[in-house]
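Undergrad: Okay, here's the structure, questions in a sec.
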Amino acid sequence: MLVLIQRVTQASVSVEDTVVGRIGPGLLALVGMEPGDSEAGIARMADRLLGYRVFADEGGKMNRSLADTGGGLLLVSQFTLAADTSSGMRPGFSTAAPPVEAERGFNRLVEICRQKHLPGVETGQFGAHMVVSLVNDGPVTFLLRP
């Protein structure tokens, strides 16, 4: 599993011109599931998403987490994140989890995050063509693995 997080002042995701998920200040997380992602790895990623310290404290240092700030979390499935780009001029997708496995893992991540992050978790729509809009704050962007 790969998760690209971006600290945002706002973010939204639309499907067919309809907004399906929107947050104010918080994290946008693009989620790429890989074959064999385990329940333990998914649970660890949920903890990392909620606990990773990317928000400024009173001194301006990145010492506060999403759990600390109560910000929004927008989870968007993105199989292209798990693509093999090691050779050639076209990505390969054999390194991404098959759709059924990926959807199950993504939904489990959403479920765990919703249980642990009461301010709320928004999502895109799995498997749909989505348009993601965001205002990256910083910019602050990190690639996480469980």
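Read-outs: derived from the displayed coordinates by stated rules, not from any lab. Here the structure is a predicted model, which means the values were calculated and not measured. Every residue, glycine as well, gets a Cβ built from its backbone with ideal geometry; the counts of neighbours run over all protein chains shown.
Undergrad: For the stretch 1-21 and the stretch 66-105, compute the distance between their C-alpha centroids and round to whole Å.
TA: Computed from Cα coordinates, the inter-centre distance equals 13 Å.
Undergrad: Could you work out how far apart the two model spin labels at Glu101 and Ala128 are, taking each label as a point 7 Å from the Cα in the direction of the beta carbon, and quote it in nm?
TA: If labels sit at Glu101 and Ala128, their model points lie 2.6 nm apart.
Undergrad: Work out the FRET efficiency for Thr80 and Asp57 from their Cβ-Cβ distance, taking R0 = 41 Å, and round it to the nearest 0.05.
TA: 0.75
Undergrad: Near Glu103, within a Cβ-to-Cβ distance under 14 Å, what is the net charge of the other residues, with Lys and Arg +1 and Asp and Glu -1?
TA: Details: positive: Arg104, Arg108; negative: Glu34, Asp37, Glu101, Glu111.
That works out to -2.
Undergrad: Let me ask something additional. Angle, helix 39-51 long axis vs. longest principal axis of the chain, Cα atoms, 0 to 90°, nearest 10?
TA: So the helix axis and the longest Cα principal axis differ by about 30 degrees.
Undergrad: With a ≥ b ≥ c the root eigenvalues of the C-alpha gyration tensor of the stretch 1-71, is it rounded (a/c under 1.5), prolate (a/b larger than b/c) or oblate?
TA: Oblate is the answer for the stretch 1-71, as a/c is 1.5 or above yet b/c matches or exceeds a/b.
Undergrad: Something else about it: So what are the three principal axis dimensions of the chain from its Cα atoms, in whole Å, longest to shortest?
TA: Largest to smallest, the principal-axis extents are 45, 36, 32 Å.
Undergrad: Restricting things to alpha carbons, tell me how big the stretch 40-99 is in terms of Rg and Dmax, in Å.
TA: When restricted to the Cα atoms of the stretch 40-99, Rg and Dmax are 16.3, 47 Å.
Undergrad: Let me ask something else. So what's the angle, to the nearest 10 degrees on a 0 to 90 scale, between helix 99-116 and the longest Cα principal axis of the chain?
TA: That works out to roughly 10 degrees.
Undergrad: Give me P(r) over the stretch 81-146, computed from all C-alpha to C-alpha distances, binned every 10 Å, as integer percentages.
TA: 14, 35, 42, 8, 1
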